[in-house]
Amino acid sequence: MKIKPFKITSEGNALRGIMLNCDAKVPKKAVILCHGFASNMLITSPYAKAFTDAGYTVIMFDFCMSGSGISGGNSVNMSVQTQKKNLFDVLEYAKNLDFVDNNHITLCGCSQGGLVCSLVAAEKEDEIERLIMYYPALCIPDDSRRGCVIGTKIDPNNVPDSFYGVFVKLGKKYVEDARALDPYEQICTFKKPVLIIHGIEDKLVKIEYSRKANERYENCELIEVHGDHGFILKGLKAGKKATAKYLKDLAF
């Protein structure tokens, strides 16, 4: 299988990634995979095989300013909104590739990447065929408003100039951009197919957030599996199996 690296500029930063199954003679279906907080594109690689097996070109990348990965920028300036702009740029790049069928582009995201994908899908519905999310972090706005950012406690009325979420140094922008979001109002206007796969034992992003999204989306399927957040200890096998079955069913 052909693997091709790519690099674009997004908001003044170098954004880097790779493409799989990108040697088609004619345009084919494509999926853009988005990683979560404090992570990089390696976390999305377990899902890539299901898509390549189903004939998709897979586009994986590291968000700029993510605090991890090979893209540029300072994480203090990162937020859901900056990542949304990154994804806009990757989508535009993908649409101009000869081997991508612009009528069949899927957005797929893990955790915070799922939230980012959902926001972009709602704004670019005409350009997106479907949306797939794994344990989407739809809790981020609520968490930011109550002063809990990726497990770090802060004073929501006096947000520090910088602080650490896990090992990632964040700034005020992360909190301010997040708490300005009303995710269900903003994302559930998307009327095309949505698939959510979420772990029942997820303690970081409670499954109730995905259940609420499932109720609000017009065309959504929620698959609940036994697993933790990120499917680190449990859930990865079930998540991959559910993805493969979903893509296989689409072919019929």
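Only one of the numbered conditions (1) farther than 14 Å from Gly36 by Cβ; (2) in contact with a helix residue (DSSP H, G or I) (Cβ under 6 Å, 6 or more places away or on another chain) is violated by Ala137, and that is (1). If you go through the range 1-40 and keep only what is touching a Gly at 6+ places or on another chain (Cβ under 6 Å), among the hydrophobic types (A, V, I, L, M, F, W, C) and under 21 Å from Leu131 (Cα atoms), you end up with just Cys34.
Condition check ((1) within 16 Å of Leu20 (Cα to Cα); (2) of a type in the set (Val, Ile, Thr); (3) in contact (Cβ under 8 Å) with a residue 40 or more places away in the chain) across all residues:
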{"position": "Ala48", "(1), (2), (3)": "yes, no, no"}
{"position": "Thr57", "(1), (2), (3)": "yes, yes, yes"}
{"position": "Ser68", "(1), (2), (3)": "no, no, yes"}
{"position": "Leu91", "(1), (2), (3)": "yes, no, yes"}
{"position": "Ala94", "(1), (2), (3)": "yes, no, yes"}
{"position": "Asn102", "(1), (2), (3)": "no, no, yes"}
{"position": "Gly109", "(1), (2), (3)": "no, no, yes"}
{"position": "Lys124", "(1), (2), (3)": "no, no, no"}
{"position": "Ile132", "(1), (2), (3)": "no, yes, yes"}
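Of all the residues in the range 63-107, those that are more than 13 Å from the chain's Cα centre (by Cα), under 17 Å from Ala30 (Cα atoms) and hydroxyl-bearing (Ser, Thr, Tyr) number 1. One residue stands out among those in the range 128-158 that are among the hydrophobic types (A, V, I, L, M, F, W, C), under 21 Å from Gly67 (Cα atoms) and at pLDDT 95 or above: the one that is nearest to the chain's Cα centre (by Cα), which is Ala137. The single condition among (1) out of contact with any strand residue (DSSP E or B) (no Cβ under 9 Å at 6 or more places or on another chain); (2) in contact (Cβ under 8 Å) with a residue 24 or more places away in the chain; (3) surrounded by fewer than 13 Cβ atoms within 10 Å (Cβ to Cβ); (4) under 26 Å from Thr189 (Cα atoms) that Arg216 does not satisfy is (3). All of Gly171, Gly165, Gly239 fail the test of being within 29 Å of Asp53 (Cβ to Cβ), touching a residue at least 60 places away in the same chain (Cβ under 8 Å) and either of a type outside the set (Phe, Trp, Tyr) or in contact with an Asp or Glu (Cβ under 6 Å, 6 or more places away or on another chain) (or both), apart from Gly239. In the range 180-208, of all residues being touching a residue at least 24 places away in the same chain (Cβ under 8 Å) and touching a His at 6+ places or on another chain (Cβ under 8 Å), the one that is surrounded by the fewest Cβ atoms within 10 Å (Cβ to Cβ) corresponds to Lys203. Filtered by the rule that a residue be buried (at least 16 other Cβ atoms within 10 Å of the Cβ), out of contact with any His (no Cβ under 8 Å at 6 or more places or on another chain) and closer than 17 Å to Gly199 by Cβ, the range 229-252 gives His229, Gly230, Phe231, Leu236, Gly239, Lys240, Ala242, Thr243, Tyr246.
Of the strands (runs of 3 or more DSSP E) lying entirely inside the range 1-106, the ones with 2 or more residues being of a type outside the set (S, T, N, Q) and surrounded by fewer than 23 Cβ atoms within 10 Å (Cβ to Cβ) are found at 3-10, 13-20, 28-34.
The values are calculated or read from the model by the stated rules, or taken from the named source; none is laboratory data. If you're wondering where the values come from, they're calculated on a predicted model, not measured in any experiment. For neighbour counting, all protein chains shown are included, and Cβ atoms are generated from backbone atoms with ideal geometry for every residue, glycine included.
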